[in-house]
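Colleague: First, the structure itself, so that you have it in front of you.
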Amino acid sequence: MKIRLLVGLAVSASLTAGMAFAQSPTPGYNTPVPENIMTPDQVESTIGTLNFVDGMPTAETSKLVYDNLDLLRGVETFLNGIPATSIAAMRLGQQSVGAVLPNQVMIMDQFLDSTPLFLTGNTGTVYVSSFLDLGRDGPTVIEVPPGMGPGTVDDAFFRFVIDLGGPGPDKGKGGKYLILPPEYDGEVPDGYFVASSPSYINWVIMRGLIVDGKPDAANKTIKEGLKIYPLSQKDAQPKMEFISVSGTEFNTIHANTFDFYAELAEVINREHIGFLDPELRGLFASVGIEKGKPFAPDERMTRILTESAKIANATARAIAFDTRDENAYLFPDSAWKTAFIGGDYQWLKDEGNGGRNLDARILFFYQATVNTPAMAWEIPGVGSSYALAERDSNWDYLDGAKNYKMTIPADVPAKNFWSIVVYDAQTRSELQTSQPLPSKNSARGGFDINADGSTDLYFGPKAPVGKERNWIATVPGKSWFTYLRLYGPGETWFDRSWKPSEITLTE
């Protein structure tokens with residue numbers, strides 16, 4: 001059978017070759033040339049008419065396609081650079097309130113309210129945040145106290161470095177972590193949970209879980225037990241400074257204009273050369289963002305990148321709020337979707353065989369922060385799970401001028417607590433209304449529960465009569481979206497036998 005197949009293929013090849021030789025030579029050539037490798041002298045395209053002289057592009061065509069190429073690369077630079085600029089903006093925001101050194105820690109001791117601009121933060125935990133600069137300080141120690149809520153270290157491209165606290169190797173019992181800079185070859189002492197980072201800048205974000213609806217216990221645990229310092233100063237540790245930022249104005253969100261590229265250039269110039277792979281560095285360099293060189297685009301490139309930012313921002317918003325990926329949706333005929341499409345914190349498709357789902361990564365980082373496997377795990381009782389929605393049951397975007405209702409069914413699969421928070425579509429931060437904490441949270445309570453154990457929630461510019469305790473305010477003229485969070489998610493969440501109701505228009 002194999003011999004017959006080989007013979008058949010050989011005969012087929014001979015016939016094909018014979019047919020080719022039987023054709024007339026292409027004008028200007030000694031042999032026939034397939035039409036599909038030739039370029040006509042004039043080609044109509046979506047960017048205009050492309051003119052050639054026997055395959056040579058005219059000067060006008062070269063200018064046209066180069067402008068288009070730079071535009072495309074500007075768009076791709078924006079979309080691929082979001083993780084880096086997001087971390088950079090977080091760092092600048094933290095520095096603006098005086099937290100510059102690793103021992104200067106930003107704490108939301110009265111919860112994260114809607115005053116700052118902070119991508120989809122939660123109102124139900126005490127956040128504590130610090131930035132490490134391993135290039136400046138060298139290996140850095142994080143001492144995590146027992147009983148700390150989940151924490152994470154992410155690098156300067158929002159890649160996962162290590163978990164802390166409950167999902168980390170200390171398993172909630174506390175311990176010392178040592179974060180090493182890129183290509184560190186010095187001595188590594190014993191007694192630490194050790195992680196190496198590809199970047200100099202790293203974000204440490206931790207949560208303190210509230211007790212009896214109050215932040216007091218979490219604040220005590222953090223302020224008495226958390227320590228962050230360079231390893232070189234372990235015998236003379238700098239005093240911890242906890243900077244309260246609840247109710248404080250500051251911005252942690254990257255630009256959506258030409259300024260985005262300047263923000264990215266600062267990251268590339270600051271970081272270790274191996275921080276990103278050559279392919280991605282090459283993309284950024286193609287628009288003038290290259291390590292060791294100033295970002296100084298000329299008038300033409302500034303104009304093109306200004307346009308690129310407009311298109312890229314619109315693209316990111318479409319991906320984030322109008323995804324075409326059916327795998328984003330958690331339930332059939334439902335607006336609820338996941339922030340981790342594919343259930344992988346690296347957004348790899350088919351365990352990497354399908355490459356990286358770039359749109360899934362854009363969806364997440366355009367509207368969220370913190371990257372950890374614990375947010376993608378499907379292990380009952382461990383980590384956290386998220387569902388988001390920006391549409392009602394009629395598939396219309398949620399409108400701040402209208403009134404809606406949704407139901408959280410009984411037996412919520414959340415070992416620790418659940419929460420609903422409302423966000424502004426423009427800033428992707430908490431919606432600023434008359435309510436500083438635009439949310440409901442089972443750990444804080446303060447709302448009415450139905451006799452069957454379910455909870456009805458109401459959204460709109462005015463509270464329904466008698467439903468004030470279960471109402472979250474919205475703003476006429478503003479779009480909004482919401483996140484449902486389950487901390488310590490249960491089996492009925494993972495098998496999808498428990499689901500929240502759709503958000504339904506009530507008038």
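No value in this document is a laboratory result; all are computed from the given coordinates. Please read all numbers here as calculations on a predicted model, not as lab measurements. Methodologically, a virtual Cβ is constructed for each residue, glycine included, from the backbone with ideal geometry; neighbour enumeration extends over all protein chains shown.
Colleague: For Rg and Dmax of the Cα atoms in Å, one of (i) 22.7, 68; (ii) 29.4, 95; (iii) 27.3, 89 was computed from the structure I shared and the rest are decoys. Which label?
Modeller: Among (i) 22.7, 68; (ii) 29.4, 95; (iii) 27.3, 89, the one calculated here is (iii).
Colleague: Calculate how steeply helix 59-96 sits against the longest principal axis of the alpha-carbon atoms of the chain, using the helix alpha-carbon long axis, and give the answer as 0 to 90 degrees to the nearest 10.
Modeller: That helix lies at roughly 20 degrees to the long axis.
Colleague: By what distance, in whole Å, do the Cα atoms of the stretch 63-184 stretch along each of the three principal axes, largest value first?
Modeller: 62, 40, 27
Colleague: Whole-Hz Karplus ³J(HN,Hα) for the stretch 318-335, in order, using 6.51 cos²θ - 1.76 cosθ + 1.60 and θ = phi - 60°, x for Gly and Pro?
Modeller: 5, 5, 6, 10, 9, 4, 9, 8, 5, 6, 6, 8, 7, 9, x, 6, 9, 7
Colleague: Another question about this same structure. At 0.36 nm per residue, and after removing the present C-alpha to C-alpha distance, how many nm does the segment from Thr257 to Leu358 gain when stretched out fully?
Modeller: Numbers: separation 101, 0.36 × 101 = 36.36 nm, distance 2.10 nm.
The span from Thr257 to Leu358 would gain 34.3 nm if fully extended.
Colleague: A follow-up question, please. Would you list, by chain and number, the lysines whose Cα falls below 20 Å from the Cα of Lys349, excluding same-chain residues fewer than 8 positions away?
Modeller: Those lysines meeting the cut-off are Lys337.
Colleague: Further question: Loop only by DSSP, 14 or fewer other Cβ within 10 Å of the Cβ. Give me the GluC sites (Glu not before Pro) in the stretch 172-274 that pass, ordered by residue number.
Modeller: Numbers: sites: Glu183, Glu187, Glu224, Glu241, Glu249, Glu263, Glu266, Glu271; in loops: Glu183, Glu187, Glu249, Glu271.
Answer in residue order: Glu183, Glu187, Glu249.
Colleague: For Lys223, give me every one of the lysines with a C-alpha distance below 30 angstrom, ignoring sequence neighbours fewer than eight places off in its own chain.
Modeller: Lys171, Lys173, Lys176, Lys214, Lys234, Lys239, Lys415, Lys440
Colleague: Next up: Please report the spacing between the Cα centers of the stretch 259-331 and the stretch 20-52 in Å, no decimals.
Modeller: 37
Colleague: Between Thr26 and Asp185, take the C-beta separation as r, use R0 = 56 Å, and let me know the FRET efficiency to the nearest 0.05.
Modeller: Working: r = 61 Å, r/R0 = 1.09.
Plugging the Cβ-Cβ distance into 1/(1 + (r/R0)^6) gives 0.35.
Colleague: So how tilted is helix 2-22 from the main axis of the chain? Cα-based, degrees 0 to 90, rounded to 10.
Modeller: Orientation of helix 2-22: about 60 degrees from the principal axis.
Colleague: Okay, next question. Order by neighbour count: Thr26, Thr46, Thr152, fewest other Cβ atoms within 10 Å first, most last.
Modeller: Exposure proxy ranking, most exposed first: Thr46, Thr26, Thr152.
Colleague: Now for a different question. Based on DSSP H runs of at least 4 residues, each adding -39500 (n - 2.57), what is the mean residue ellipticity at 222 nm of the chain after dividing by all its residues, to the nearest 500 deg cm²/dmol? Please list the in-between numbers first.
Modeller: Working: 9 runs with 130 residues, N = 507.
Calculated mean residue ellipticity at 222 nm is -8500 deg cm²/dmol.
Colleague: Would the stretch 98-244 count as rounded, prolate or oblate if I go by the C-alpha gyration tensor, calling it rounded below 1.5 in a/c and otherwise prolate when a/b exceeds b/c, oblate otherwise?
Modeller: On the way: a/c = 1.71, a/b = 1.51, b/c = 1.13.
Note, shape of the stretch 98-244 comes out prolate.
Colleague: Which one, Ser497, Ala339, Phe364, projects farthest toward the positive side of the charge dipole computed for the chain from Cβ point charges (K/R +1, D/E -1)?
Modeller: Ser497
Colleague: Oh, and also: If you count, for each residue, the other Cβ atoms within 10 Å and average over each peptide, how do 32-38, 134-140 line up from highest to lowest?
Modeller: Numbers: 32-38: 9.3, 134-140: 19.3.
Packing order, densest peptide first, comes out as 134-140, 32-38.
Colleague: On to the next question. Of Pro146, Ile319, Val97, which is farthest towards the positive pole of the chain's charge dipole, taken about the Cα centre with +1 and -1 on the beta-carbons of Lys, Arg and Asp, Glu respectively?
Modeller: Pro146
Colleague: How far is the Cα center of the stretch 377-434 from the Cα center of the stretch 117-138, in Å?
Modeller: Value for the Cα centre distance between the two parts: 23 Å.
Colleague: So, one more: What number, in percent, do you get for the relative contact order of the stretch 323-505 if the mean sequence gap of Cα pairs under 8 Å and at least 6 apart is divided by its residue count? Walk me through the numbers on the way to the answer.
Modeller: Working: 377 pairs, mean separation 53.0, N = 183.
Reported relative contact order: 29 percent.
Colleague: When ranked by the protection proxy of mean other Cβ atoms within 10 Å per residue, highest first, what sequence do the peptides 60-68, 279-287 form?
Modeller: Values: 60-68: 14.8, 279-287: 16.9.
For the peptides 60-68, 279-287, the packing ranking is 279-287, 60-68.
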